[in-house]
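The values are calculated or read from the model by the stated rules, or taken from the named source; none is laboratory data. These numbers were taken from a predicted model, which means no experiment stands behind them. Heads up, the Cβs are rebuilt from the backbone with ideal geometry, glycines too, and the neighbour counts pull from every protein chain shown. The area values use the complete protein model at the heavy-atom level, side chains included, leaving out ligands, DNA and RNA. Shrake-Rupley method; radii C 1.70, N 1.55, O 1.52, S 1.80 Å.
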Amino acid sequence: MTSYLTTPEDVRRYTREVSKQVDDKRIYTYIRESEYIDIKSAIGDALFLDLKESPEKYELLLEGGVYDDCGEKKIFPGIKAALNYYTYARIVKNGDGNVTRYGFVNKDSEYSSRPDVKEKIIAYNDAFSIADQYLKECVMYLQNNNKQYPLYKGKGKIKANRTIYKIIGE
């Protein structure tokens, strides 16, 4: 299997509750999407590739922690925390939908109830805003410590890579 920066177990452990019934294969799909769409675009291809090839060199960047910025102590959550929340947001957005020969369908059972679209969008937007904030703090860390990370060529900003859903009416 391809190497990822996080695991389905970490997504379940470090975000809001995700059922054990959600298939790991599906979660790995969302991890891959989150790595390439959100993380890579924020830190750049060179750093992203090196991070994937040699994660042991980037323990603080991956796990987060405390660092010194001109005599001021700062804390940041780490790339994994951001990645876990981006993945969680994709799980919330895509939920239990499956493409079948009859088109896109949602699984349903007698023991579950469907959240309305409004609730789903609110949860998705909230999870993505947490992930965006976590990644922003990681990028600030990289910017403040750019001599330690010569592969980072960013300008200390991130670009939102998502569609924002607004609820109109009831």
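Could you say which residue among Glu9, Glu63, Glu35 is surrounded by 15 or more Cβ atoms within 10 Å (Cβ to Cβ) and either among the acidic types (Asp, Glu) or at positive phi (or both)?
Glu35
Could you grab the pairs with beta carbons closer than 7 Å, sequence gap of 6+ or different chains, first residue in the range 52-69 and in a helix (DSSP H, G or I), second one surrounded by fewer than 16 Cβ atoms within 10 Å (Cβ to Cβ) and of a type in the set (Gly, Ala, Ser)?
Partner pairs satisfying both residue conditions: Lys52/Ser3.
Kindly indicate whether any position in the range 72-82 is out of contact with any helix residue (DSSP H, G or I) (no Cβ under 8 Å at 6 or more places or on another chain), assigned to a helix (DSSP H, G or I) and without any contact (Cβ under 8 Å) to a residue 60 or more places away in the chain.
The answer is no, given that none of the residues of the range 72-82 is out of contact with any helix residue (DSSP H, G or I) (no Cβ under 8 Å at 6 or more places or on another chain), assigned to a helix (DSSP H, G or I) and without any contact (Cβ under 8 Å) to a residue 60 or more places away in the chain.
Give the residues of the range 127-154 that are of a type in the set (D, E, K, R) and either at pLDDT 95 or above or crowded, with 16+ Cβ neighbours inside 10 Å (or both), sorted by residue number.
The answer is Asp132, Lys136, Glu137.
Report yes if Arg16 is open to solvent by 70 Å² or more (accessible area, probe 1.4 Å) and modelled with pLDDT under 95, otherwise no.
Spelling it out, Arg16 is indeed open to solvent by 70 Å² or more (accessible area, probe 1.4 Å) and modelled with pLDDT under 95.
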